[in-house]
């Protein structure tokens with residue numbers, strides 16, 4: 001097989017379409033995973049069993065079933081009795097929801113790592129519960145876990161091709177379609193390089209944050 | 001459960017006494033400027049433990065404990081470790097709940113509230129209300145590491161007492177002057193020595209203007225050369241204000257210096273109490289004598 005630059009040139013417009021979808025899925029999925037994970041983590045510490053138990057059940061269920069199955073379910077089953085969503089929106093929700101169950105564990109570890117004396121000082125000052133969370137506990141907890149959260153962004157990047165199965169053609173989905181149509185292989189190579197070009201600087205960034213935040 | 005407090009104040013008397021009906025004038029000897037620190041220093045009962053029992057598993061830490069502290073008094077709790085001294089402070093700070101008995105502060109139950117004439121465990125709102133009168137300084141300082149010194153002190157006055165940022169900062173700066181740390185106002189706790197951190201913690205507790213200040217082995221975690229600075233600040237506060245203090249310490253000279261009363265604890269009970277002169281020079285109970293000869 002010979003490398004053909006003309007094939008590469010033909011692929012590039014679709015490649016950029018794919019990159020855009022990948023980055024959208026990654027950024028929006030991460031935001032969803034970060035915020036929803038925090039909600040899970042706090043709800044899992046609730047004193048109210050009626051809040052705690054369902055949240056523990058749901059997050060365990062999502063974490064222990066494959067992302068692929070969840071994507072199919074969201075795209076083909078949910079619209080039967082719920083809203084129909086575009087492939088990209090479904091992909092973002094699928095990735096975000098799935099990874100929120102991992103980030104929840106990360107937050108939980110961070111919250112558990114805040115010394116009990118911090119809670120006691122907040123109690124001694126009669127700080128309201130929400131203020132204790134937002135001003136005392138979470139700033140300390142999140143600072144410690146930013147690098148761990150960053151690792152899940154990289155993991156999510158590598159899982160993002162799965163959303164192609166529901167028609168959200170990100171980089172690899174575009175490459176596969178293109179290669180099948182043209183019987184070429186260059187597109188896969190380009191996409192492989194693109195993953196490294198995105199993931200490696202991201203992991204460098206995470207390491208830099210780790211040095212700055214975790215002392 | 002009995003509640004025959006000699007204090008005529010009814011259970012649900014407002015927290016900050018308007019003063020007029022009960023105390024016609026500020027207690028004698030309280031400088032005007034410090035009157036706010038503890039407006040009701042008339043020697044009446046401020047803290048009451050009524051048949052309090054606290055267990056950790058099978059271990060009985062406090063055993064049917066009864067004692068009272070009058071307002072404005074400085075009381076030191078001494079005794080061997082494990083005798084329940086710190087537990088008393090933690091119960092007062094509502095960091096622990098008693099298994100039996102009641103605790104009242106300023107004539108109001110801290111642990112319970114009356115609903116339809118029945119005494120029930122206190123709800124969060126009630127506890128919050130009564131607890132505002134109590135401040136605590138911890139062995140490990142427990143400053144908020146994510147906040148600068150100034151915000152450590154202003155955080156609660158702003159978000160609990162509803163002070164404006166400016167009022168709270170003015171109060172904080174006054175207190176930092178009192179503890180001798182004016183120049184460190186913009187530092188983070190990690191940039192301060194242990195002794196300095198503890199002095200910030202004292203300022204933070206005082207910023208809430210509590211009636212009662214709880215001091216839980218506040219010098220135990222400090223390097224020896226830093227202890228004196230912290231104790232000097234506390235001496236200063238003890239001698240110039242009428243804030244009620246409950247103090248657990250192993251610094252016997254400090255205890256002798258600031259205390260009105262010394263309570264000797266053993267196995268969850270007060271076995272002897274009296275003035276520091278009496279307790280340190282001529283205690284009655286053999287266990288007290290044995291303990292003091294070991295620590296002095």
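Counting only residues that are away from chain A (no Cβ under 12 Å), touching a residue at least 24 places away in the same chain (Cβ under 8 Å) and under 19 Å from residue A:136 (Cβ atoms), the stretch B:143-184 holds 5 of them.
Here is a check on your reading of the model: is residue A:28 modelled with pLDDT of 95 or more and at negative phi? Yes, satisfied. For the stretch A:163-175, which residues satisfy the criterion of being assigned to a helix (DSSP H, G or I) and either more than 10 Å from residue A:18 (Cβ to Cβ) or at pLDDT below 90 (or both)? Passing the criteria: A:163, A:165, A:166. Applying the criterion of being assigned to a helix (DSSP H, G or I) and touching a helix residue (DSSP H, G or I) at 6+ places or on another chain (Cβ under 7 Å) to the residues of the stretch B:151-167, the residue that is surrounded by the most Cβ atoms within 10 Å (Cβ to Cβ) is B:153.
Looking for something within 17 Å of residue A:21 (Cα to Cα), over 17 Å from the mean Cα position of the chain (by Cα) and touching a residue at least 24 places away in the same chain (Cβ under 8 Å) - is there at least one such residue anywhere in the stretch A:194-207? Yes: one or more hits.
May I ask you to verify whether residue B:175 is within 20 Å of the chain's Cα centre (by Cα) and in a loop (DSSP other than H, G, I, E, B)? No; evaluated as a whole, the condition is false for this residue.
The values are calculated or read from the model by the stated rules, or taken from the named source; none is laboratory data. None of these values were measured; they are calculated from a predicted model. In this analysis, Cβ positions are derived from the backbone assuming ideal geometry, glycine residues included, and neighbour counts consider all displayed protein chains.
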